[in-house]
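Notes follow once the structure below has been shown.
The values are calculated or read from the model by the stated rules, or taken from the named source; none is laboratory data. Since the structure is predicted, the reported quantities are computational estimates derived from the model, not experimental observations. Glycine gets a Cβ as well: all are built from the backbone with ideal geometry, and neighbour counts include every protein chain shown.
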Amino acid sequence: MSTQTAVLAPTTPPTGQRNTRRRILDAASRCFDRDSIRHTSMEEVARESGMSRQTIYRHFQAKEELVAAVSVLKAEAVTDLVRERIADDRDSRSKIVTAIVACVERLVTDRQMREMIEGEYKQLMQRAERPDVVATVRERWTPILKPAVADGTLRGDVDIDVMISWLTDIEMLLAMRVIVFGQSLEETRQETELFVMNGICRA
């Protein structure tokens, strides 16, 4: 009886539950990269993290919850990439184009994100189901779009949140063009300049 209790007891590191959750997510991400989302089980995540299955299920009741949580980390990583890429852009138009292309690049080159938008887990990427992803995407785009409206680059008659939602859909569409048709990122940039920017910028 005492042996069974010891096995089932929660394994909580001294750094607390937040770090435990992050360790699980990092382990899951490594498994997804190595074996794909589809072929990763909760048991494999437990082994990778060095934790018990009970600990994994205490934080994530199902694999879908784990995938969704990893998608939030991925969205945050895209935001970091965008900030890095636009740092040297001088004008608002260039920042928007660079940001879109950076998002598309990450969607098609990151194995997990690509599997999420192509496969059975793509519904977990939908903004309506992931308010935490919505917040991250808004945090990514608002500092780019608001100054662009203020300096006259963008039309002022479009709601920023609506524009962010639309741009996110455009990124998905452009990513699928790269995946399905083999379009290059340079072609993606050209299409963004020609079609996307001409639609949202002042004449």
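Observations on the model:
- Residue within the stretch 93-100 that is surrounded by 13 or more Cβ atoms within 10 Å (Cβ to Cβ), touching a strand residue (DSSP E or B) at 6+ places or on another chain (Cβ under 7 Å) and not in a loop (DSSP other than H, G, I, E, B) present: yes
- Screening residue 87 against (1) at pLDDT 95 or above; (2) surrounded by 15 or more Cβ atoms within 10 Å (Cβ to Cβ) leaves a single unmet condition, (2).
- Which listed residue, of 188, 142, is among the β-branched types (Val, Ile, Thr), crowded, with 19+ Cβ neighbours inside 10 Å and modelled with pLDDT of 95 or more: 188
- Sole exception among (1) in a helix (DSSP H, G or I); (2) more than 20 Å from the chain's Cα centre (by Cα) for residue 174, by number: (2)
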